[in-house]
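We did not get these values from a lab; they are worked out from the coordinates using the rules stated. What you are looking at is a predicted structure, and each value in this text was computed from that prediction instead of being measured. Cβ placement follows ideal geometry from the backbone for every residue including glycine, while neighbour counts extend to all protein chains displayed.
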Amino acid sequence: MNLNQQIEQWLSACRENFPIRQRPFVTLAYAQSWDGSIAHQAGESLALSGDEAHQLTHQLRTLHDGILVGVGTILADNPRLTARAWTGPNPQPVVLDSRLRVPMTAQLFKHPDHEPWIFTTHPGKPGLAERARLFSLPPDEQGYVPLVSTLEILWEQGISSLMVEGGSRVITNFLKTGSANALILTIAPRFIGGYNATGDLGSHLLDKLPKLNALHSAPLGEDQIVWGTLDNAGGQR
Ligand SMILES: NC(=O)c1ccc[n+]([C@@H]2O[C@H](COP(=O)([O-])OP(=O)(O)OC[C@H]3O[C@@H](n4cnc5c(N)ncnc54)[C@H](OP(=O)(O)O)[C@@H]3O)[C@@H](O)[C@H]2O)c1
């Protein structure tokens, strides 16, 4: 069994063992340098994964019902969020965008088979409702789109598995709120000294932050893949 098959089997087993909680099973999947950077600086795009890890990312996309990123990633990378480097269904694209900063020219709006879903705290923007489905929610204490309600709505809309690709603010909030269930990390053999994958996780929460369980690791092309489940014993907050 090759690594792609191994990770696919592992993910499927994790999902089967996930107790139903009226929210999707969430996989954090992103690429970082050895020193934990995902970009030189916030807002800049940086390709970190080799070809094989890039393909794995697209394979993972086909294995989830939805794929979620923050608007910072849309502005920096302008991703298509499709699974074009693998054979399988495209997940439903989901964006967290409190202030509706997503540009109307974003690649996301040219998606071949899904209208993007945008979770916002804003009432709307002219022309956007024709190109995307908007979910307007009251802001959380940071002024952001509230994660727990977002996950509940995604579940109600039929999303039972969600891949979260970033960026840093989004990853940080998924960890802080105990909302992620698995991690699949690509570690590129480079030092960047740049923008870290996680920001301030809140020192007062230290004993409540998730712990990595049953961690696995294997090389894939020039990269190292590390994967495991997240134990949110501190509970979802
Ligand atoms: N290496 C990788 O795998 C990878 C993957 C993805 C991204 N990236 C990089 O990461 C960088 C972008 O990261 P980023 O931290 O600047 O932005 P981000 O995490 O993509 O998006 C953060 C923004 O999303 C909005 N948001 C709304 N609700 C949120 C919530 N509950 N939690 C968090 N954010 C919420 C906020 O903007 P508003 O207040 O305007 O709503 C927030 O500033 C780029 O440089 C990109 O290239 C790397």
Practice item. Return the sequence-ordered ³J(HN,Hα) values of region 170-184 in whole Hz as given by the Karplus equation 6.51 cos²θ - 1.76 cosθ + 1.60 applied to θ = phi - 60°, using x for Gly and Pro. Key: 5, 4, 4, 6, 5, 5, 4, 8, x, 9, 9, 10, 8, 10, 10
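Counting only GluC sites (Glu not before Pro) that sit in a DSSP loop (anything but H, G, I, E, B) with at most 15 other Cβ atoms within 10 Å, what is the longest stretch of the chain containing none of them?
That would be 45-140.
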Review point. Expressed in nm to one decimal, what extension gain is obtained for the pair D231 and L137 from 0.36 nm per residue of sequence separation less their Cα-Cα distance?
Key: 31.0 nm
Point to revise | Kirkwood hydrodynamic radius of region 3-231, from inverse mean 1/r over distinct Cα pairs, in Å | key: 17.8 Å
Review point. Is region 175-237 best put as rounded, prolate or oblate by its Cα gyration tensor, with a ≥ b ≥ c the root eigenvalues, rounded for a/c under 1.5, and otherwise prolate when a/b is larger than b/c, oblate when not?
Key: oblate
Practice item. Net charge near A83: determine it from the other residues with C-beta under 14 Å of the C-beta of A83, scoring Lys and Arg +1 and Asp and Glu -1. Key: -1
**Study point:** region 127-194: chymotrypsin sites (Phe, Trp or Tyr not before Pro) falling in loop per DSSP and having at most 16 other Cβ within 10 Å
**Key:** F191
Practice item. Mind checking the full-extension length gain between D51 and S149? Use 0.36 nm per residue of separation minus the Cα-Cα distance, one decimal, nm. Key: 31.7 nm
Exercise for review: Report the FRET efficiency, 1/(1 + (r/R0)^6), for Q107 and D207, where r is their Cβ-Cβ distance and R0 is 35 Å, rounded to 0.05.
Suggested key: 0.25
Review point. Share of antiparallel DSSP beta bridges in the chain, in percent to the nearest 5?
Key: 35 percent
